[in-house]
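One structure is given here, and the rest of the page talks about it.
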Amino acid sequence: SECNLPFIPPVIFKMSKLKVLDISRNKISILLPEIGQLVNLVRLNLQQINITSLPPEIAYCQELEEIYLWGNSI
């Protein structure tokens, strides 16, 4: 959260056991399809990162229970 990241570091997508990802308040404007590789993700915080859509691959995150999208134009 609040790290001025322009993108999600690729190493994150290799963390298949990751359960919580908070990338809120960064400069990310596109959520890459690789998000679907995080199949154990339970909580995803995307607040205020200026995204306008979610990639279809988000459906692969079947454990996802919470997703926070406030402050985006979705």
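Overview of values
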| quantity | calculated |
| --- | --- |
| Cα→Cβ-extended label distance, 7 Å offset, between R43 and K27, nm | 2.8 nm |
| Nonlocal amide H pairs with I51, under 5 Å, H built at 1.01 Å | S73 |
| Two-site label geometry, E63 and C3: point separation in nm, points 7 Å out along Cα→Cβ | 2.0 nm |
| Mean Cβ neighbour count within 10 Å, used as a protection proxy, ranking 8-17, 60-69, 22-31, 41-50 highest first | 41-50, 22-31, 60-69, 8-17 |
| Average Cα contact separation per residue, the chain, under 8 Å, 6 or more apart, as relative contact order % | 30 percent |
| Overall Cα dimensions of the stretch 10-68 - principal axes, largest extent first, Å | 25, 20, 18 |
| Cα→Cβ-extended label distance, 7 Å offset, between S16 and T52, nm | 3.5 nm |
| Cut-off under 5 Å, modelled amide H: who pairs with L41 long-range | E63 |
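Every read-out reported here was derived from the displayed coordinates using simple, explicitly stated rules and does not represent laboratory data. What you see is a predicted model, and the numbers here were worked out from it, not measured in a lab. Every residue, glycine among them, receives a Cβ derived from its backbone with ideal geometry; neighbour counts consider all protein chains shown.
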